[in-house]
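K.L.:
Pasting in a structure now, in structure tokens, and then I'll have a few things to ask.
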Amino acid sequence: MPEGDTIFRTAASLRRWIGGREVTAARCVRLGVDLAPLVGQRVEAVDARAKHLLIHFSGGRTLHTHMRMTGSWHVYPTGERWRKPAHQARVVLECGARTAVCFNAPVIELLDERALRS
């Protein structure tokens with residue numbers, strides 16, 4: 001089960017590999033969240049808040065994921081084979097040479113600034 005330190009390390013890894021980069025492709029699988037508005041946006045920040053991971057984008061939206069007991073984020077060079085099966089991918093964010101993949105997360109939301117404050 002991901003704990004606070006795991007989420008903190010995940011945020012640091014995502015910050016390192018996709019922070020400041022433009023999203024070139026984005027999709028959410030199975031949970032019906034439309035990530036198309038993120039394409040062309042820049043990753044402004046990645047934060048860990050308790051067990052919540054927040055990825056903030058230049059357009060004012062934030063991708064919120066909660067891993068619960070099964071989720072994890074991985075970063076790969078774009079085009080590299082993933083270590084987990086593609087059917088477990090819930091979010092795929094391509095940022096040029098890097099692809100961030102969220103596997104098995106049960107909570108995925110794209111929030112605007114107002115929703116994030118509440």
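K.L.:
Could you say which residue among Gly32, Gly71 is open to solvent by 40 Å² or more (accessible area, probe 1.4 Å), out of contact with any helix residue (DSSP H, G or I) (no Cβ under 7 Å at 6 or more places or on another chain) and of a type outside the set (A, V, I, L, M)?
P.N.:
Exactly one of Gly32, Gly71 is open to solvent by 40 Å² or more (accessible area, probe 1.4 Å), out of contact with any helix residue (DSSP H, G or I) (no Cβ under 7 Å at 6 or more places or on another chain) and of a type outside the set (A, V, I, L, M), namely Gly32.
K.L.:
Right, something else. What number of residues within the range 45-68 satisfy the criterion of being open to solvent by 60 Å² or more (accessible area, probe 1.4 Å) and modelled with pLDDT of 95 or more?
P.N.:
Counting residues in the range 45-68 that are open to solvent by 60 Å² or more (accessible area, probe 1.4 Å) and modelled with pLDDT of 95 or more gives 1.
K.L.:
Could you say whether any residue in the range 2-17 is free of Cβ contacts under 8 Å to residues at least 24 places away in the same chain, closer than 11 Å to Glu94 by Cα and either open to solvent by 50 Å² or more (accessible area, probe 1.4 Å) or in a loop (DSSP other than H, G, I, E, B) (or both)?
P.N.:
There is no residue in the range 2-17 that is free of Cβ contacts under 8 Å to residues at least 24 places away in the same chain, closer than 11 Å to Glu94 by Cα and either open to solvent by 50 Å² or more (accessible area, probe 1.4 Å) or in a loop (DSSP other than H, G, I, E, B) (or both).
K.L.:
Tally the residues that are assigned to a loop (DSSP other than H, G, I, E, B) and among the charged types (D, E, K, R), restricting the search to the range 30-58.
P.N.:
Total satisfying the criteria: 3.
K.L.:
Is it true that Arg42 is touching a strand residue (DSSP E or B) at 6+ places or on another chain (Cβ under 9 Å), open to solvent by 50 Å² or more (accessible area, probe 1.4 Å) and either on the phi > 0 side of the Ramachandran plot or at pLDDT 95 or above (or both)?
P.N.:
Criteria met by Arg42.
K.L.:
Does at least one position in the range 71-90 carry a residue that is touching a Pro at 6+ places or on another chain (Cβ under 8 Å), farther than 16 Å from Arg16 by Cα and without any contact (Cβ under 8 Å) to a residue 60 or more places away in the chain?
P.N.:
No, there is no match, as no residue in the range 71-90 is touching a Pro at 6+ places or on another chain (Cβ under 8 Å), farther than 16 Å from Arg16 by Cα and without any contact (Cβ under 8 Å) to a residue 60 or more places away in the chain.
The values are calculated or read from the model by the stated rules, or taken from the named source; none is laboratory data. Everything quoted here is computed from the prediction, not taken from an experiment. Don't worry about glycine lacking a Cβ; one is built from the backbone with ideal geometry, like all the others, and counts go over all protein chains shown. All accessible areas refer to the heavy atoms of the entire protein, side chains included, with ligands and DNA or RNA removed. Shrake-Rupley method; radii C 1.70, N 1.55, O 1.52, S 1.80 Å.
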